[in-house]
Structures are given as C-alpha cells and as structure tokens.
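Colleague: Before I ask anything, here is the structure I am working with.
The values are calculated or read from the model by the stated rules, or taken from the named source; none is laboratory data. Owing to the predicted nature of the structure, the values given are computational and were not obtained by experimental measurement. In this analysis, Cβ positions are derived from the backbone assuming ideal geometry, glycine residues included, and neighbour counts consider all displayed protein chains.
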Amino acid sequence: MDAEQALERLNQLVFQKTQQYLDDLTAQVFRLSWENLTYQETAQRLNTDEKDIREVGARLFQQLGSILGEKVYKRNFRAILSHHFDASLSAPENPSRTFIQKRIPGTAQYYSEPLGDTTLEMVLIPGGSFLMGSPEDEPERMDREGPQHEVTVPSFFMGRYPVTQTQWRWVAGLPPINQELDPDPAYFKGDNRPVEQVSWHDAVEFCARLSAHTGRPYRLPSEAEWEYACRAGTTTPFHFGEMITPDLANYNGNYTYNDGPKGEYREETTPVDQFGIANAFGLCEMHGNVWEWCADHWHDNYEGAPVDGSAWVDQDAGEDNSYVLRGGSWTFNPRNCRSASRNSNNAGARYDYFGFRVVCSAPGLFPSP
C-alpha cells in the first residue's frame, strides 16, 4: 500500500469518527511519515518549522490512538494501520477492536425536523441483528448486562444528538398533552448543551407534544434500539474501541478504563457537538455527557427480555416504577459510559445528568433523502 492509498483509507476512517477529513498540513505530515521521512526532513520538504511539524504529528498519532484503541507512535503507525486496513477488508462482518466500516461517508440518510429557529436532525438507523449485552470477559462488566442474547431490530430514525435546551424550549411552548413542562429546567445553561433535570415523564411529554405538532410518532428508544444504535456494528466496549479518554467524551476523567489515560474532569455538561465524533451510523454523544432515558421498565438482567427490539414494559407496573437509562454522564466514571452499561431511576427523578434523545419508527412517512 502506497502513501496515497493509505491516506485515502485513513481519511475514511477519520471521517466516520469525526465527520471531518484531515486538514491539508496533517495529510502532508501523514503522507511523508508513511514514506519514512523524519520530522526534520518533513519540515524541510514543506518549508515549515520543525516544531510545528512535530506538534501536528503528535496530534495525528494521538487521534489515531483514540480511534483505534491502542497506543500509536510514529515508529509503529504504519504497521498498526496496515493491520487494521487488512483486517477491515478481509473480515467486513466481524467487527475489529475499534469499529466496522458499514457506512460510506456522505451516504447516511436523515431528515431535519424544523423547530422554530432550530432543527432536530434525525438519522436513519438501518435494521439488523446484534448481540445485546456485554461478554463475560469485558473489563468492569456488571451482571446486569447479561446474559448476552441476539436481538433483531427493525429500522428507525434516531436523533443525532441528545435533545438540546433550545429544542426543549421550543417544544415546551407547544400545547400540553398530559402535563406541564418547565421551559428551562437545565442546571448547566447553554442553548446547545443537552437539556437535563428532566424526568422520564417529562421526556415522554416532550415526545407527545412533538408528535402532535408534526403528525409523526416520536417516542423514547427501547433499550435494545439504544444499544444497537450506539454500537453501530461494533462489539467493543465503546463504539470507537476498547478504551475511552476525556478527549473523546465527557465523563469523570479522574477515573480510567482498561488502561486508558486520566484526563480532564469538566464537572458539567458540554455542548452536544463539542467532540465532533460520530459512530458508523452517524450518531454523536452516545458515550457520556448525560444519561439517556429509554422506554423500558428496569429489569435486573436480560432473562426473558424481548428479542424483537421492542421495549420491555411491565403492564402492571406503577406510574413511578424505575426506567432504564443509558450512556453514562459527565459525573460518572468511564465504565458507566460503555455501550452495554445500564442504569435506572424512578420515572419522576430529575438530576443534572439525566437527558434523552428521541426516535421515530415510521420511515415510510418520509421522502427518500
């Protein structure tokens, strides 16, 4: 594989995680490093200060390490990337330790729901089957995440991000369906931050008002839909690999996972587009920032769970029974941010780390993008 072929494959890899390609200087540094030029030789070739080239190279290899879930240096990146590229080509149906390429950049289907001066971007999640839950050898696994079982999920649309405070305020201004909504409940204020301090009942009311306004059936995701969408074809603890760092998600960076590094503990929510990292389905913020409410009642494990992607609801449950939360949050440690991690709280609970995102399971109502 020559430098241009490697750069093309790398750009696909980076785009699937960040929705952006490498900038021109970083691409040049990668290309010349692939050809075994030193930083000094690269600086001379590009007529640029060597210190600047070293900084670009350090950021590049740190980014590659975060995406691939292993330590990447100038001296080993060719071998690591060659192995990764070969593995993704030879075994497209067997997720690697980072992620499986199932989406060609630019082909994700979505629609935008207008909400006054803002929009709600909904991404098509193609139907499929997956193993729900964590394997017994996953680091820091909990019994509540098993047993693993195969689930087949029909296609649906899901919000690219958790619901933001701007989106919440607009929908909260619509006529009530079953209850009133606080138009500004969040503790950490910011238009593009996720809304928080919302209960399960509040989230359901949001979906009801949005459905009544648009004529489309918005709702909370089932727990199976949430995990399927989060994983996006992967089997690793996170959709971007075996490890997580505070450069990839917002959680308590004083704690580590699977030999990953410590990092910044922000002690608050962050804007939903701060990290610029998407999984292979095009979803962002699936790990950390705020826990996300699901439609399912809480069960201690998956014994007897549905296998058709539907929500596991107990018909005789009380109004304030516990419901499932997924994804981890800014104040929890990284083990709680894993794709398989599960949490719960009663339906009326409101904390500054509880949010949600919406789904719509009627793709036939929308024109082809």
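Colleague: Kindly state which strands (runs of 3 or more DSSP E) lie completely within the range 262-369 and contain at least 1 residues that are β-branched (Val, Ile, Thr).
Modeller: The qualifying strands (runs of 3 or more DSSP E) are 322-326.
Colleague: Looking at the range 160-186 only, could you name the residues that are acidic (Asp, Glu) and over 26 Å from residue 274 (Cα atoms)?
Modeller: Filtering the range 160-186 down to residues acidic (Asp, Glu) leaves 180, 182, 184.
Correct list: 180 only.
Colleague: Hey, among 251, 257, which residue is more than 15 Å from the chain's Cα centre (by Cα) and touching a residue at least 40 places away in the same chain (Cβ under 8 Å)? Break it down stepwise before answering.
Modeller: Values: 251 fails: more than 15 Å from the chain's Cα centre (by Cα).
The match here is 257.
Colleague: Which of (1) at pLDDT 95 or above; (2) within 21 Å of residue 359 (Cβ to Cβ) does residue 237 not meet, given it meets every other one?
Modeller: (2)
Colleague: Residue check: is residue 203 under 20 Å from residue 293 (Cβ atoms) and either in a helix (DSSP H, G or I) or more than 23 Å from the chain's Cα centre (by Cα) (or both)? Steps first, please.
Modeller: On the way: under 20 Å from residue 293 (Cβ atoms): yes; either in a helix (DSSP H, G or I) or more than 23 Å from the chain's Cα centre (by Cα) (or both): yes.
Yes, satisfied.
Colleague: For the range 35-58, name all the residues that are among the charged types (D, E, K, R) and either under 20 Å from residue 7 (Cβ atoms) or part of a helix (DSSP H, G or I) (or both).
Modeller: Going through the range 35-58, the residues among the charged types (D, E, K, R) turn out to be 35, 41, 45, 49-52, 54-55.
Within the range 35-58, 35, 41, 45, 50, 51, 52, 54, 55 qualify.
Colleague: A follow-up question, please. State which residue is surrounded by the fewest Cβ atoms within 10 Å (Cβ to Cβ) when the search covers only the range 250-276 and only residues that are at pLDDT 95 or above and within 17 Å of residue 20 (Cβ to Cβ).
Modeller: 271
Colleague: Follow-up question, since we're still on this one. I'd like the full set of residues that are surrounded by 21 or more Cβ atoms within 10 Å (Cβ to Cβ) and among the charged types (D, E, K, R), limited to the range 178-204.
Modeller: 193, 196, 202
Colleague: So, one more: Please determine, by comparing only the residues of the range 294-343 that are within 19 Å of the chain's Cα centre (by Cα) and of a type in the set (Ser, Thr, Tyr), which one is surrounded by the fewest Cβ atoms within 10 Å (Cβ to Cβ).
Modeller: 331
Colleague: Quick one: in the range 234-247, of everything that is touching a helix residue (DSSP H, G or I) at 6+ places or on another chain (Cβ under 8 Å) and surrounded by fewer than 23 Cβ atoms within 10 Å (Cβ to Cβ), which residue is farthest from residue 141 (Cα to Cα)?
Modeller: If we take residues in the range 234-247 being touching a helix residue (DSSP H, G or I) at 6+ places or on another chain (Cβ under 8 Å) and surrounded by fewer than 23 Cβ atoms within 10 Å (Cβ to Cβ), then 247 is farthest from residue 141 (Cα to Cα).
Colleague: Regarding residue 231, is this residue surrounded by fewer than 21 Cβ atoms within 10 Å (Cβ to Cβ), basic (Lys, Arg) and not assigned by TED's automatic domain parsing to the domain that holds residue 69? It would help to see each step written out before you state the result.
Modeller: Details: surrounded by fewer than 21 Cβ atoms within 10 Å (Cβ to Cβ): no; basic (Lys, Arg): yes; not assigned by TED's automatic domain parsing to the domain that holds residue 69: yes.
The answer is no for residue 231.
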